[in-house]
1. Examine the range 194-211 for a residue that is within 18 Å of ARG134 (Cβ to Cβ), part of a loop (DSSP other than H, G, I, E, B), of a type in the set (A, V, I, L, M, F, W, C) and open to solvent by less than 50 Å² (accessible area, probe 1.4 Å), and state whether such a residue exists.
2. Could you count how many residues in the range 491-507 are under 41 Å from the mean Cα position of the chain (by Cα) and open to solvent by less than 90 Å² (accessible area, probe 1.4 Å)?
3. Can you pull out the residues in the range 152-190 that are in a strand (DSSP E or B), of a type in the set (S, T, N, Q) and either in contact with a Cys (Cβ under 7 Å, 6 or more places away or on another chain) or over 29 Å from LEU394 (Cβ atoms) (or both)?
4. Out of the residues in the range 40-53 that are over 14 Å from the mean Cα position of the chain (by Cα), more than 14 Å from PRO352 (Cα to Cα) and not hydroxyl-bearing (Ser, Thr, Tyr), which is most open to solvent (accessible area, probe 1.4 Å)?
5. Within the range 154-191, track down each residue that is of a type in the set (Asp, Glu) and more than 18 Å from VAL228 (Cβ to Cβ).
6. Does THR105 qualify as being open to solvent by 20 Å² or more (accessible area, probe 1.4 Å), in contact with a helix residue (DSSP H, G or I) (Cβ under 9 Å, 6 or more places away or on another chain) and either without any contact (Cβ under 8 Å) to a residue 24 or more places away in the chain or among the polar types (S, T, N, Q) (or both)?
7. Kindly indicate which of HIS67, HIS14 is under 29 Å from CYS335 (Cβ atoms) and touching a Pro at 6+ places or on another chain (Cβ under 8 Å).
8. Kindly indicate the residue of the range 372-393 that is touching a residue at least 24 places away in the same chain (Cβ under 8 Å) and exposed (fewer than 15 other Cβ atoms within 10 Å of the Cβ) and also nearest to ALA144 (Cα to Cα) among those meeting that condition.
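The values are calculated or read from the model by the stated rules, or taken from the named source; none is laboratory data. All figures in this text were calculated on a predicted structure; none of them were measured in a lab. Positions of Cβ are backbone-derived with ideal geometry, glycine not excepted, and every protein chain shown enters the neighbour counts. Surface accessibility is based on the protein's heavy atoms, side chains included, excluding ligands, DNA and RNA. Shrake-Rupley method; radii C 1.70, N 1.55, O 1.52, S 1.80 Å.
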Amino acid sequence: MTWRPQYRSSKFRHVFGKPATKESCYDGVPITRSVQDNNFCAVNPRFLAVITECAGGGAFLVLTVNHTGKVDPHHPRVSGHRGNVLDVKWNPFNDYCIASCSEDTTVKVWEIPPHGVLKNITVPWKELQGHSRRVGLIEWHPTANNILFSTAYDYQVMIWNLDCPEQVIKNPVRTISHHTDVVLSMSFNTDGSLFATTCKDRKVRLMEPRSGNILQEANCKTHKAGKVLILGNLKMLLTTGTSRWNDRQMALWDLDDLSVPLLQENLDGSSGVIFPFYDPDTHMLYVAGKGDGNVRYYEISSEKPYLHYLADYRSLLPQKGFGVMPKRGLDVSSCEVFRFYKLVTIKSLIEPLSMIVPRRSESYQEDIYPMTAGNKPALTAEEWLSGIDKGPLLMSLKPGSQVEDSYSEMTKGMGHSLDSRRSQNRPGMLQLAYIQGQLGTKDGNEDGGLRADDRSRTPFSNGEELALCSPPVTENELRLKFHKQQEEIRRLRELLNQRDVRVKQLELEIKNIKNSQSPSSL
């Protein structure tokens, strides 16, 4: 039999990594020298947080995402811990709230001012005291608001409810004590009803977080797991670690049966920890090794052979950790489907790395941007603790579609300071306010310049008479009017460009006529 290659049709076959230019990197950042196997970096659409090296306690740096270039060595920091900071995580539902854990056995939650950190912050919003040894890992619940998980070197996982008036919280709502060694990683399923952990005792545990009961336990002698990921709604679980012969290895497990892995794949013989990152919208898996310069990426399917290698991004700069931008912070106009923030310790550099699907069209590509998890919680902390599970509230990444959320939040949540900050600083709301302001000034200027006999005419906007236009009542009407305004602005820009071209043509014709007449006049 002749061998025939098997080709798969995939829209992500040609995804490539595009590193940022030097001007778009963050230079001069004193990245921590800690040997903890964490990412040391957290990103959201507004801020970048990175754990830094400092003397006398622990601190981390918070920069606005647009604060690229050389970073001031005396830039203010968040420095309230008495020991080295080991992990930081942004609240997925509040861009101005970040949690940190430290060697001083505490977890602290901080409020970041809307304009960034302008002076050292030493007083946290909440302080969580309950662990007896250094806290190495924290995770936010994916759908419930203000629920935080922490695990420490006392082998315990604690669940905290931040919706309480106390500034110092000493009693977690649940303590899980099934682990016999240090917990290395945690991962939640889509609605947060299950979470998986890997431990130094080589076991992978699947647990129910509210009750703390172990549902399944995997102990594979040929695979020592280090990091774990629950792969969205695929009902599969991925672990990265080492094989019996100390090769770096990935293993894929059936979420309903952790007795034997579905797939084991050796990567290489290096020694650095493997960090896996999964995008449930595109079903793409990114694998990066600590100390490596490359990032491998795969596509995962629910049928055999499950794992499909796509390509890898290669670089000469070794990475210490990665921050990952949430999907709502990506540049959809350039077909960006994932963005890393790569920590390069040897150069004190943070380099953004974009994964891009090559497309000729510059319009919004709906097939690579399905509805994704938004920045609104599906549950309150009390609802989740009472036993309710809900999937994430989805949002569209199409430009302009976020107006509905920002408008409703602006009208409903003006009382709460953090909610009002969030609604006022969302790009959709700013864009709508800007366009409305521009249209208002344009109409005002035109009206001021009209003659007295023309002022009686009714102005038009988007093809409709303003006097007959009723204000939008529902959110859908507001969104439609916003899209109409965008189309009107786009049409006016095209008209201006055409007139500019016509003006240049007329100037050239006048110049040619003058040149042709000058010799004849002589």
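1. No: the range 194-211 contains no residue that is within 18 Å of ARG134 (Cβ to Cβ), part of a loop (DSSP other than H, G, I, E, B), of a type in the set (A, V, I, L, M, F, W, C) and open to solvent by less than 50 Å² (accessible area, probe 1.4 Å).
2. Going through the range 491-507 one residue at a time, the tally reaches 3.
3. Answer for the range 152-190, where residues must be in a strand (DSSP E or B), of a type in the set (S, T, N, Q) and either in contact with a Cys (Cβ under 7 Å, 6 or more places away or on another chain) or over 29 Å from LEU394 (Cβ atoms) (or both): just THR175.
4. GLU53
5. ASP154, ASP163, GLU166
6. Considered against the rule, which asks whether it is open to solvent by 20 Å² or more (accessible area, probe 1.4 Å), in contact with a helix residue (DSSP H, G or I) (Cβ under 9 Å, 6 or more places away or on another chain) and either without any contact (Cβ under 8 Å) to a residue 24 or more places away in the chain or among the polar types (S, T, N, Q) (or both), THR105 comes out as no.
7. From the options HIS67, HIS14, the qualifying one is HIS14.
8. Ranking the candidates gives GLU382 first.
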